Amino acid sequence: MSGPKVVRIVTREEIIAICEQHLARLDAAIAHWTRSGQRNSTITEAEIAEVHQRRDQLRALLAEDAFVELQKAVPEEIAFLDADTQSRLARAVERAAAERTRHRRRAGAARTVLAELRASGKPVPSELSTSLEAIVSGTTGDQDEEGAFAKAFALLSGNGPANAVPGQTRDIAIRLGAGERPRSLAEWRTTIIDNEPDDRLVRVDGLIVELQLIDEDAGAAFVQRLAQINAESAAARASLLVDSLIADLAEATRKARERRDLHAKLRAQLAEIQRFSSAPARALASDIEAALAASDTSGVDSLLAAAAAQVKAEINRIAAEARRQTILQGLSSLGYEVREGMATAFAKGEAVVMQHATTPGFGLEVSGPPEAQRLQMRVVAFGSPGAPRDSSRDRDIELQWCGDFDKLQDMLGCVGGELAIERSVAAGAQPLKVIAGQEHLTTDQTIAQPRLRTREGP
C-alpha cells in the first residue's frame, strides 16, 4: 500500500451532469429532425413517435445508472438522426426537382404549342387556349393537362395549309401531305413535351428546389429570374443568363446549407446552456436566441465557442462542488473530524487538515485547486518541526490511512463515482509533513492551511 496519494475523483453528480448534456443535445437533434421532416413532408407521425420512444428509453438509462451505456448510445442516436435528416432531405429534393422539371418542360411545351396554334391561322377554342395558358403559368390546378395537349395535337394535325404552320408542327403537316405515316400522339408528346431544350436547366431545378426547402424566401428570387430567362427572345443572351443563374444559385445554396448547419449547432448549444441558471449562462442563451432570429451569421462561431466554454465551466463547477462534498462526507463517515468551515476553505483552494479520533497527534491533509479533478491526500503529524519522530509509528498511521482510503474508494464506487490513484508513495518512504502547534485541537476548530504552490510529495 502507499502513503501520500494524488487521486482523481469522478462523482456521480458529475457523471449525471455529463449525461444530461448528452440528452439535451439529443432533444435538440430530435427537434431539428422533426422540423426538417415536417417542413418537407418526409416523416410520419408514427416515425416521430418511434424516435421519441427511443429517446425515452435512452433517458431511462440515466435512472438505471447505466451511465456508460447512455454516453455511448446517445451520440450514436444523434449521428443517426443527422444522417437520416440529410438522407430524407436529399430524397425530397430529388422528388421535388423531378416534379419541377416535369412542370417546366410542360410549360415550355405549352408555350410552343400556343405560339404555333396562333401562327397556324386556325381558330383555337378559347377553352383550349385558356388551358394551355394555365399550363404555362403553372396554375392548372385539377385541370386535365394531358387532355389539353391531346386537343392541341388534334388541331395541329388537321388539314390546313402546310406553309401556315411553323416549326415542328409544319414537319408534321408536310409528312401528312406526302403520305407518310401520321405521327402518333405518343410520338408527338415525346418530341414536344418530354424534350429537354437545355440540360443545364435540370441542375437549375435541383438547386432551386433545395434552396426553397432550406429557405423558401431565398428561392423565390431565383424562380423569378428563371421566368425572365424563359421570356428572353435572344437565345445567346438566354444562355448567358442561365450560366449566371447557375453560379448565383450554387453560391446561394451553399450559404443556405452553412446557415442551416450553423442554426442546428446553435440550437444544440442552446439546449445545453439553458439547463443552467447563472447570469453568464442566461446572457449567452439570450445571445444565441438573437442569433437564431437574425440572418447574419458572422459572429456565430465565436458565440458557439463562448457557449461551449460556459457549459464546460458550469459542469466543472457542479463537479467541483460534488467532489468536495463527496470527499468530506466520505471522510466524516470514516471517523475523520470534518468541522464547520472546511468546505468553504476547500472551495477557496486551501488545504484542509482533519483529525481522526483514534489517532491523536496525526491528521489527514487534503489539498488541490478549487476546480481540480485531482487532489493530494496525505497523512500529516502535529508537533514541532525538526523534533525526533518514531518512524515506525508514522508508518503504521499511513498504513491505517491506506485502509481508510480503500473504504473511501468502495463508498464512491457504490454510488456510481470513482476514486482512482494516479500517483502514490509507499508508506514510510518519506517523512511525514509536520504541522506546528496543532497538538491539542478542539472539536470546534477549523484547520485551514494555505493552498500549496508545490507539492512536497507526489
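Values quoted throughout were computed directly from the atomic coordinates according to the rules given, and no laboratory measurement underlies them. Because the structure is predicted, anything quoted here is derived from the model rather than measured. Neighbour counts are summed over all protein chains in view; Cβ atoms, including those assigned to glycine, are modelled from backbone coordinates with ideal geometry.
Phi-derived couplings, Karplus 6.51 cos²θ - 1.76 cosθ + 1.60 at θ = phi - 60°, listed residue by residue for region 329-339: 5, x, 5, 4, 5, 8, x, 7, 7, 8, 9 Hz, with x used for Gly and Pro. The distance separating the Cα centre of region 322-355 from that of region 1-43 comes to 30 Å.
Once backbone amide H atoms are built at 1.01 Å from N, residue 423 has 6 as its partners under 5 Å, excluding neighbours fewer than 5 places away on the same chain. Counting neighbouring beta carbons within 10 Å and listing from fewest to most, the residues 67, 80, 362 come out as 80, 67, 362.
Here the dipole of the chain is about 920 debye; that uses its Cα centre as origin and unit charges on the Cβ of Lys and Arg (positive) and Asp and Glu (negative). As I understand it, the value is the acute angle between the Cα axis of helix 126-137 and the longest principal axis of the Cα atoms of the chain; what does it come to in degrees, rounded to 10? Approximately 30 degrees, to the nearest ten.
Protection proxy ranking of 7-13, 354-360, by the mean of other Cβ atoms within 10 Å over each peptide's residues and highest first, is 7-13, 354-360. Cβ crowding within 10 Å, taken as a proxy for footprinting-reagent exposure, orders 297, 85, 191 from fewest neighbours to most as 191, 297, 85. Close amide-amide hydrogen proximity is noted between residue 433 and 381, each under 5 Å apart and 5 or more residues distant or on a separate chain (H modeled in the peptide plane; Pro and chain starts excluded). Against the chain, whose longest principal axis comes from its Cα atoms, helix 200-214 is set at around 40 degrees. Of (i) 83, 19, 16; (ii) 37, 25, 20; (iii) 34, 26, 19, which one was derived for semi-axes √(5λ) of the Cα gyration tensor in Å from the structure shown? Among (i) 83, 19, 16; (ii) 37, 25, 20; (iii) 34, 26, 19, the one derived from this structure is (i). The DSSP beta bridges internal to the chain are antiparallel in roughly 90% of cases.
In loop segments of region 195-248 as defined by DSSP, there are no GluC sites (Glu not before Pro) with at most 11 further C-beta atoms inside 10 Å of their C-beta. Measuring between alpha carbons in the structure, the pairs from 312/407; 5/72; 72/265 lying more than 29 angstrom apart are 312/407; 5/72. Region 70-93 and region 262-296 have Cα centres lying 22 Å from one another.
Against the main long axis of the alpha-carbon atoms of the chain, helix 235-273 sits at an angle near 30°.
Shown for 120, 126: other C-beta atoms within 10 Å of each C-beta, ranked fewest to most, produce the order 126, 120.
The alpha carbon convex hull volume per residue for region 53-160 rounds to 111 Å³. Its DSSP H runs of at least 4 residues, each contributing -39,500 (n - 2.57), put the calculated 222 nm mean residue ellipticity of the chain at -22000 deg cm²/dmol, to the nearest 500. Within region 307-383, the GluC sites (Glu not before Pro) that combine a DSSP coil assignment with at most 15 other C-beta atoms in a 10 angstrom radius are 340, 371. Give me the distance in nm between label points sitting 7 Å out from Cα along the Cα-to-Cβ direction at residue 308 and residue 373, one decimal. About 1.7 nm separates the two model spin labels. Taking 26 Å as the straight-line reach from the Cα of residue 151, the lysines in range (excluding those fewer than 8 positions away in the same chain) are 122.
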